[in-house]
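Every number in this text was worked out from the coordinates using simple rules, so none of it is lab data. Quick caveat: nothing in here was measured; it's all calculated off a predicted structure. Here the Cβ positions follow ideal geometry from the backbone for every residue, glycine too, while neighbour counts run over all protein chains shown.
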Amino acid sequence: MNPLNKLAAFKLDVLKEVGNIGAGNAATALSRLLDKPVDMNVPTVSLIPFEQVADKVGGFEQVVIAVFLRVEGDAPGNMFFIIDEDSAKRLLRNLLSMDVQDEGYSEMEYSALGEIGNILAGSYLSSLADFTHLYLSPTVPAIAVDMAGAILSYGLVHYGEMGDSALLIDTTFLEGQEELAGHFFLIPDPESFDKIFSALGVPNE
Amino acid sequence: MIQENVVKVGMADLKIAAGGAILKTTGLGSCVGLTLFDESTKVAGMIHVMLPSSEIAREASINIAKYADTSVPHLIELMRTEGAEPRRFVAKMAGGAQMFAFNTGSETMRIGPRNVEACKLMLQRFNIPLLSEDTGLNYGRTVEFNSMNGILTIRSVQQGVKEI
């Protein structure tokens, strides 16, 4: 059995707070970039069967834009910043005063989206590092526009070795009337949970 | 109306189909969709391979469909019990992409190519010829395998549709 199945409710609450702090800071960063208020939902923390992970962003074949970073350091893991195509285009129109075509992405647009993901993930991780006093270092972000299943399965490999589900900290954020919607997925490696809990003073049963 | 019977193969899953049913798996990234086919009995099988080898498994009861080394023998056996003859099996495969390019030498990041290598090794071990493949590169694929004619249809966001 996957040892994470046994996580006590209060430990899940601790992870929710981790998502809250991280994504809260990222939402603030996005709000500054856009100069508009950005709301976020209370994070959900759950052990999700692989088959259902992509459902959160519209299903296995849904085309999404994903910025992926590998978190290295004391508590390694994978991080995804995922938005749908409409949101990505709106984000680009808002941020870059340039003509954005409806179909496809130019080099410049790719690069801008990668940079946005980098800023947001960076603020997520640095607030998390401050909070836990863990050393967390993101790799250079990689960006892909592809099927959600193909993208997310890449972040699940570490879980594959020990079961058929993954623990995911998911935070959705929304930007007012424009309904820009995105997700932050933090998927700590299975071994990282003990480190996160002990860094936060959560007793080990 | 032609009723197409579609059998969905999930992630780390394997299924068999026969007589014209379609085997389908969606959103292959670093995972590999491997198909086996016996032309004369029209028995087909598909595996959605997630990891190369069960040696790295740390789960108490392993899901044999997940690993290349355990799923291939199992599928061969399943198809045999459906009346297929392993001597006639031919294989096709798709997937095993490197979804994100990183400069780290980490083996985990190379999981796509490793899945492809592991599948080929298993095919060699069981003397099953690999007729065609569409593997590697950096994009996701959805595949459908037709148990009537043995055609593997591959769809991707960037490259459209192709048949192998």
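Take the alpha-carbon centre of region A:51-127, take the same for region A:138-199, and report the distance between them in whole Å.
The two parts, judged by their Cα centres, are 12 Å apart.
What number, in percent, do you get for the relative contact order of chain A if the mean sequence gap of Cα pairs under 8 Å and at least 6 apart is divided by its residue count?
Once divided by the residue count of chain A, the mean separation gives 35 percent.
Taking a cut-off of 14 Å, what percent of all Cα-Cα pairs in region B:1-60 are separated by more than that?
Details: 1053 of 1770 pairs.
More than 14 Å apart: 59 percent of the Cα pairs in region B:1-60.
Within region B:1-87, report the trypsin sites (Lys or Arg not before Pro) that DSSP leaves as loop and that have at most 13 other Cβ atoms within 10 Å.
Details: sites: B:Lys8, B:Lys15, B:Lys24, B:Lys42, B:Arg58, B:Lys66, B:Arg80, B:Arg87; in loops: B:Lys42, B:Arg58, B:Lys66.
For trypsin sites (Lys or Arg not before Pro) across region B:1-87 that sit outside H, G, I, E and B with at most 13 neighbouring Cβ atoms in 10 Å, the list reads B:Arg58.
Which percent of Cα pairs goes in each bin when the distances of region B:1-155 are cut into 10 angstrom slices starting at zero?
Calculated P(r), rounded to whole percents: 12, 43, 33, 9, 1, 0.
I need the calculated FRET efficiency for the pair B:Ser132 and B:Thr81, taking r as the beta carbon distance and R₀ as 25 Å, to the nearest 0.05. Write down the numbers at each step before the final one.
Numbers: r = 27 Å, r/R0 = 1.07.
That pair, B:Ser132 with B:Thr81, gives E of 0.40.
Kirkwood Rh, the protein assembly as shown, all Cα pairs: how many Å?
Values: mean 1/r = 0.0466 Å⁻¹.
It is 21.4 Å.
Any idea what the alpha-carbon Rg over 2.2 N^0.38 Å comes to for chain A?
Relative to the 2.2 N^0.38 Å estimate, chain A comes out at 0.99.
Would you calculate a helix-derived [θ] at 222 nm for chain A, using -39,500 (n - 2.57) for each DSSP H run of n ≥ 4 and dividing by the full residue count, to the nearest 500?
Details: 7 runs with 85 residues, N = 205.
For chain A, the value works out to -13000 deg cm²/dmol.
Kindly provide the helix-only [θ] at 222 nm of chain B, computed as the sum of -39,500 (n - 2.57) over DSSP H runs of four or more divided by all residues, to the nearest 500 deg cm²/dmol?
Working: 2 runs with 29 residues, N = 164.
So the calculated ellipticity at 222 nm is -5500 deg cm²/dmol.
Which loop-located GluC sites (Glu not before Pro) does region B:58-164 contain, where loop means any DSSP state but H, G, I, E or B and the Cβ has at most 13 other Cβ atoms within 10 Å?
In loop regions of region B:58-164 (DSSP not H, G, I, E or B), the sparsely surrounded GluC sites (Glu not before Pro) are B:Glu107.
Taking every residue in A:136-149, how many Cβ atoms of other protein chains lie within 10 Å of its Cβ, on average?
Partner Cβ neighbours, averaged per residue: 5.
Greater than 21 Å separation of Cα atoms is the criterion. Which listed pairs, A:Lys56/B:Lys162; B:Lys8/B:Lys120; B:Lys8/B:Lys42; B:Lys42/B:Lys120, meet it?
A:Lys56/B:Lys162; B:Lys8/B:Lys120; B:Lys42/B:Lys120
Can you compute log10 of I(q)/I(0) for region A:70-119 with the Debye formula, treating each Cα as one identical point scatterer, at q = 0.21 Å⁻¹?
-0.75
Multiplying the sequence separation of A:Glu107 and A:Val42 by 0.36 nm and subtracting their Cα-Cα distance, what value in nm do you get?
20.0 nm
Cross-link candidates for A:Lys11: which aspartates and glutamates have Cα within less than 14 Å, leaving aside residues fewer than 8 places away along the same chain?
Within the straight-line cut-off, A:Lys11 pairs with A:Asp194, A:Glu205.
Stokes-Einstein D for region A:1-96 at 10 °C, 1.306 mPa s, Kirkwood Rh over Cα pairs, in µm²/s? Numbers along the way, then the final one.
Working: Rh = 15.8 Å.
The calculation lands on 101 µm²/s.
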